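Here is the structure we will look at.
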Amino acid sequence: MTDWDRLWPAPAKINLFLHVVGRRADGYHLLQTVFRFIDLADCLRCEPRNDGRIVLAKPLPGVPPETDLVVRAAQALRAATGATSGVSLHLEKRLPMGGGLGGGSSDAATTLIALNRLWGTGLASEDLQRIGLTLGADVPIFIHGRSAFAEGVGEVFADVAPPPTWYLLVVPPVAVPTPEIFCSPQLRRDTPAIAARDWHPGFGHNDLEAVACFLYPEVARHLDWLRRYGDARMSGSGACCFVDFPDRGAAQAALLDLPQGMLGHVAAGIDRHPLLEPAAP
């Protein structure tokens with residue numbers, strides 16, 4: 001089997017906390033967060049083309065193909081390297097859109113990683129991260145590939161090692177647009193910053209959560225249900241929410257108690273992206 005035959009995973013992330021600590025003059029928010037990957041993922045398959053075109057085989061409903069992040073990622077890699085090869089991109093979506101799990105950013109990162117290898121463009125991770133940042137603030141963490149304390153607009157990393165954890169993730173039946181949350185006058189933007197070394201599991205909260213709960217009551221309802229099991233939190237700008245468990249059995253038992261009509265998944269925390277290259281000896 002060649003690399004052209006393989007499936008390229010694009011895992012979800014959750015934010016173990018997310019604080020808005022300021023705002024730049026250009027309007028971008030300054031954040032502090034811990035990203036952790038979980039073992040739920042989209043999957044990408046790449047098929048070579050002889051006509052030089054970049055084609056998304058199955059466009060997402062309501063998303064013009066030219067604006068899809070996987071297409072934009074392939075185009076950005078070609079622009080940065082001078083590559084001329086064509087590709088058909090077959091994306092299997094399993095992660096919810098507007099869920100705060102970084103699905104689109106992860107898809108873009110996996111596209112960059114996969115095509116960098118398939119096209120032989122030879123860029124280092126740092127180069128791919130710079131390209132990724134032009135596509136979205138969360139794209140670089142998926143290329144970095146390790147659980148990390150992140151700050152700035154989300155592109156400055158310090159690796160962390162959360163303990164082994166299982167999560168019950170619930171998916172409210174709403175898609176939360178990230179710009180709507182960040183534009184809200186209700187959003188707190190002055191949470192005191194901390195040093196990466198001072199982070200510990202259970203620290204902090206999600207500053208975006210109160211706004212999302214106000215605008216989307218289903219997010220609040222799902223969080224309220226999860227809180228019977230512990231310190232439930234929203235991931236990213238929502239809508240997905242999670243609570244942690246020490247083992248899979250406890251998470252599965254909680255999943256079985258989900259009220260009718262609520263959608264949930266049990267996921268394990270993973271601290272290395274499945275496509276992260278092994279460290280050089």
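Just so you know, all these numbers are worked out from the coordinates, no wet-lab data involved. These numbers come from a predicted model, not from an experiment. A quick note on method: Cβ atoms are made from the backbone with ideal geometry, for glycine too, and the neighbour counts reach across all protein chains shown.
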Problem set entry | Karplus-derived 3J(HN,Hα), 6.51/-1.76/1.60, for each residue of region 151-156, Hz, glycine and proline x | 8, x, 8, x, 10, 10
Exercise. For the chain, modelled as a GNM with alpha-carbon contacts under 10 angstrom, which of PRO164, PRO177, PRO11 fluctuates the most?
Worked result: PRO164
For this session: Rank LEU44, LEU215, LEU169 by mean-square fluctuation in a GNM of the chain with C-alpha springs under 10 angstrom and give only the top-ranked residue.
Result: LEU215
Exercise. Considering amide H positions built from the backbone, and no H for Pro or chain starts, which residues 5 or more places from LEU40, or on another chain, come under 5 Å of its amide H?
Worked result: ALA12
Problem set entry | Mean Cβ neighbour count within 10 Å, used as a protection proxy, ranking 183-189, 151-157, 246-252 highest first | 151-157, 246-252, 183-189
Exercise. Under 5 Å between amide H atoms, partner at least 5 residues away or on a different chain: which partners does GLY22 have, H built in plane at 1.01 Å?
Worked result: LEU30
Seminar exercise, completed: What helix-only [θ] at 222 nm does the chain give? Using -39500 (n - 2.57) per DSSP H run of at least 4, over all residues, to the nearest 500, the answer is -7500 deg cm²/dmol
For this session: For region 17-61, state which trypsin sites (Lys or Arg not before Pro) are in a DSSP loop and have at most 13 other beta carbons lying within 10 Å of their beta carbon.
Result: ARG24, ARG53
For this session: On a 0 to 90° scale, report how tilted helix 217-226 is relative to the longest principal axis of the chain, with both axes built from alpha carbons and the result rounded to the nearest 10.
Result: 70
Problem set entry | Cα long-axis angle, helix 103-118 against the chain (0 to 90 degrees, to the nearest 10) | 30
Problem set entry | In sequence order, calculated HN-Hα J values of region 35-46 (Karplus, 6.51, -1.76, 1.60; Hz; x Gly/Pro) | 8, 9, 7, 10, 8, 9, 8, 6, 9, 10, 10, 10
Exercise. Taking a temperature of 37 °C and a viscosity of 0.692 mPa s, what whole-number D in µm²/s does Stokes-Einstein yield for region 152-281 with Rh from Kirkwood over alpha carbon pairs?
Worked result: 199
